[in-house]
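Let me begin by presenting the structure, written as C-alpha cells, before commenting on it.
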Amino acid sequence: MKQTRVAVLLVASCIFTLNAFAQDETPTDAEGCKDSPLITRMPGSLIKSCENKEFDQAEMPADKDAEGNIQQKTLEGELHTWDYGTRAGVSEIQVFRNFETALKQAGFSIVFEQSPGTITAHKGNTWFMLDNKGEFYYQTVITVKQMTQEVTADASSIADELNKSGHIALYGIHFESGKAAILPDSESVLGEIAKMLQQNPDVKISVEGHTDNVGSAASNQALSEKRAQAVVTWLTSHGVAAARLKAKGWGQSKPLADNGSDEGRGKNRRVELVKAS
C-alpha cells in the first residue's frame with residue numbers, strides 16, 4: 001500500500017512538472033512589443049519582433065506605371081514596424097481580407113493593393129502597409145512629420161569645410177517629396193549659408209543637388225537640378241549676388257552610400273556646396 005502511494009505521488013509530481021514545463025513553453029509576444037493602437041492583430045498571431053524609431057524613412061508601394069512596374073512612395077516621420085507569426089491554418093487571402101476590411105472600417109483609404117500580399121493605406125498623415133506572407137506578416141505604420149533638427153551647420157563650420165576640402169554635404173535643407181519646393185524648417189541652414197557668403201565676399205559656390213535612385217534616372221536628374229536652382233533662388237532673394245552662385249544637378253549618379261537601405265538613400269539625398277574658382 002505504501003509503495004502504491006509513493007507511485008501515485010511520483011506520477012502526480014511528473015504530471016505537475018510536465019504541466020509547468022508546458023506553461024513555460026507557451027509562445028508569447030517578443031519582449032517590449034505591443035500592437036499598434038490603430039489596428040488590431042490577426043487573432044492568434046504573435047509578435048516575433050518590433051521596432052520603433054522617432055524619425056526614419058519608409059517606402060510603400062503606391063501605384064503602377066504604364067508597364068505595370070510598382071511605384072514606391074517615400075515617406076519620412078515616426079516609424080513603427082512589427083513582424084507577426086500567424087496561427088496554424090491561416091491563409092494569405094484570409095489575412096489580406098481581414099486587414100482590408102479592418103482598415104476601411106477604421107477610416108483608412110486604400111492607396112494600393114496587390115492581393116494577397118500587399119496593402120498600402122493612409123488616414124490623414126498616418127500611413128499603413130501590410131506585407132503578407134500568410135504564415136507571417138509585416139506591418140508598418142509611419143506618421144509623416146518633419147524631423148526636429150538637432151545638428152546644425154553654422155556659417156563658420158561651412159566656411160572651414162569649404163576651405164579644407166573644397167565642398168560640404170548638407171542635410172538640413174528639406175524639400176517637399178518629389179518636388180523642389182523648400183520646406184520652412186530649412187531656413188536656418190540656408191541662413192547660415194547666406195551668412196557665410198556675406199562674411200567671405202570673395203567666395204563663389206556651386207550649389208549641387210543629389211538624389212537617391214528611387215524613380216527613373218531622368219526624373220532624378222531633373223529633380224536635382226530644380227532643387228539646386230531653388231537653393232540658389234533663395235540665396236539671391238536674401239542678398240547674395242547671383243554672379244557668386246551657380247546651380248548644378250547630379251541626380252542619382254554620385255551616391256555616397258548603398259541605395260539598398262533607407263539609411264543609405266537618406267545619405268544620398270543631399271545638397272552639396274562646392275567651392276568655385
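The numbers here are math on the coordinates, done by the rules we state, and not lab data. Predicted, not measured: the structure shown is a model, and the values here were computed from it. Backbone-built Cβ (ideal geometry, glycine too); neighbour counts: all protein chains shown.
Some points to look at:
- Among (1) 21.1; (2) 19.2; (3) 22.5, the entry that matches Kirkwood radius over Cα pairs in Å as calculated here: (3)
- Kyte-Doolittle at least -1.0, axis length at least 30 Å by Cα - qualifying DSSP helices, the chain: 2-24
- Taking chymotrypsin sites (Phe, Trp or Tyr not before Pro) across the range 46-144, none is in a DSSP loop with at most 15 further Cβ atoms lying within 10 angstrom of its Cβ.
- Cα point-scatterer Debye curve for the range 155-276, base-10 log of I(q)/I(0) at q = 0.09, 0.13, 0.17 Å⁻¹: -0.22, -0.47, -0.81
- Excluding exposed DSSP-loop trypsin sites (Lys or Arg not before Pro) (at most 16 other C-beta within 10 Å), longest clean stretch of the chain: 180-277
- Part-to-part distance (alpha-carbon centres) for the range 151-188 and the range 205-267, which is given in Å: 11 Å
- Sequence-distant contacts, meaning Cα pairs under 8 Å at least 6 residues apart, place the relative contact order of the chain at 14 percent.
- Whole-Hz Karplus values for the range 27-39 come out as x, 9, 4, 4, 4, x, 9, 8, 5, 5, x, 7, 8 Hz, taken residue by residue from phi with 6.51 cos²θ - 1.76 cosθ + 1.60 and θ = phi - 60°; glycine and proline positions read x.
- Inter-site label distance for A276 and K195 at 7 Å from Cα along Cβ, in nm: 2.4 nm
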